[in-house]
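S.K.: I have a structure I would like to understand better, so I am pasting it below and will then ask my questions one at a time.
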Amino acid sequence: MRQFICAIIAVLFMASAVSASSYDINARVSDGAGLLTASQAESLKSRINNVIDKYQFDIVIVTVKSLGGKTPEAYADDYYDYNGYGFGANHDGVLFLVSMEDRDWHVSTTGKGIEIITDARVSEISGKVIPYLSSGDYYGAFDKFISMTEWYLENPNTAEHTGKGSSIAIVWLAALIIALIAVFIMKAQLNTARPNPQAADYVKSGSFYLSNKRDLFINTITTRTARPKDTDSDSSTHTGSSGTSHGGGGGKF
């Protein structure tokens, strides 16, 4: 009996060890191309760890010197799948790959990541993150990517906005409201005519006589509106070599 209990404890210990290693935060930033300093890598790991703790959603950053003959998409998908990343049964998460061989970048989404980081949001990432890569600010690019991913998780149905953009929108909205108020005031001052519901006031007495009247049916106008088609997802997907579905996209920098 004692040996049986010891065996159970050993199995539980091994299981917990495997679980801990599978979510090792140090594996979330793999800088094979040497683009980051040690302190920058630690800062990114800390930020990723906060997202993981809060959302149970994986974020992986990988830099490589070469793709080994693979496409950026295949490399990113395989790296995520075969290294056991992701949370839950659907392996929820996202991987951001940078290859210096031909200056490629690619975002690979899995599970919940496919729903959260849609094609439109991948395009938005391209517009806001890739300029950092192009200028050689790799830490800035990865830091921005983590920020945007966290924002998407907090706001799954809203596009990413910057504070500057919001301020500009508020200024324009205020200006529009003021202009409309001014137009309505001027229009009210110029509108001195008043409607008269009595048509008899405009007709000379005894000058009009209706001798015959008929109701004629002219035509019928029918308006049709197409029913919008339902879509299951805003993300295009494909299947990796492991059989797992992925979304995402990429390009050059």
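S.K.: What are the ³J(HN,Hα) couplings of the range 240-253, residue after residue, when phi is run through the Karplus curve with 6.51, -1.76, 1.60 and θ = phi - 60°? Round to Hz, x for glycine and proline.
M.R.: With the stated coefficients, the range 240-253 comes to x, 5, 7, x, 8, 7, 9, x, x, x, x, x, 10, 9 Hz.
S.K.: Note the full-extension length gain between Ala33 and Ser123 as 0.36 nm times their separation in residues minus their Cα-Cα distance, in nm to one decimal.
M.R.: 29.9 nm
S.K.: Rank-order 52-62, 112-122 by packing density, defined as the average count of other C-beta atoms within 10 Å over each peptide's residues, highest first.
M.R.: Result, highest mean Cβ count within 10 Å first: 112-122, 52-62.
S.K.: Right, another one. Can you run phi through the Karplus equation (6.51, -1.76, 1.60; θ = phi - 60°) for the range 54-60 and list ³J(HN,Hα) in whole Hz, with x for Gly and Pro?
M.R.: Using θ = phi - 60°, the values come out as 7, 10, 6, 9, 8, 10, 10 Hz.
S.K.: Going through the cross-link list Lys70/Lys252; Lys54/Lys112; Lys45/Lys252; Lys65/Lys252, which pairs have a Cα-Cα distance over 19 Å in this structure? Provide the component values of the computation, followed by the final result.
M.R.: Values: Lys70/Lys252 15 Å; Lys54/Lys112 15 Å; Lys45/Lys252 25 Å; Lys65/Lys252 14 Å.
Check vs 19 Å cut-off fails for Lys45/Lys252.
S.K.: Excluding Ala27 itself, what net charge comes from residues whose Cβ is under 11 Å from its Cβ, given Lys and Arg +1 and Asp and Glu -1?
M.R.: 0
S.K.: When Lys and Arg each count +1 and Asp and Glu each count -1, what net charge do the other residues less than 15 Å away from Gln56, Cβ to Cβ, add up to? Provide the component values of the computation, followed by the final result.
M.R.: Numbers: positive: Arg28, Lys54, Lys112; negative: Asp53, Asp58, Asp92, Glu115, Glu150, Glu154.
It works out to a net charge of -3.
S.K.: Tally Lys and Arg at +1 and Asp and Glu at -1 over the other residues with C-beta under 9 Å from the C-beta of Gly113: what net charge comes out?
M.R.: -2
S.K.: Follow-up. For a quick protection proxy, order the peptides 150-156, 44-50 by their average other-Cβ count within 10 Å, most packed first.
M.R.: Order by mean packing, descending: 44-50, 150-156.
S.K.: So, one more: How far apart, in nm, are the 7 Å Cα→Cβ label points at Ser245 and Glu42?
M.R.: 4.1
Every number here is computed from the coordinates shown, using simple stated rules; none is lab data. None of the values given here were measured: they were computed from a predicted structure. Note that each Cβ is placed from the backbone with ideal geometry, even for glycine, and that neighbours are counted across all protein chains shown.
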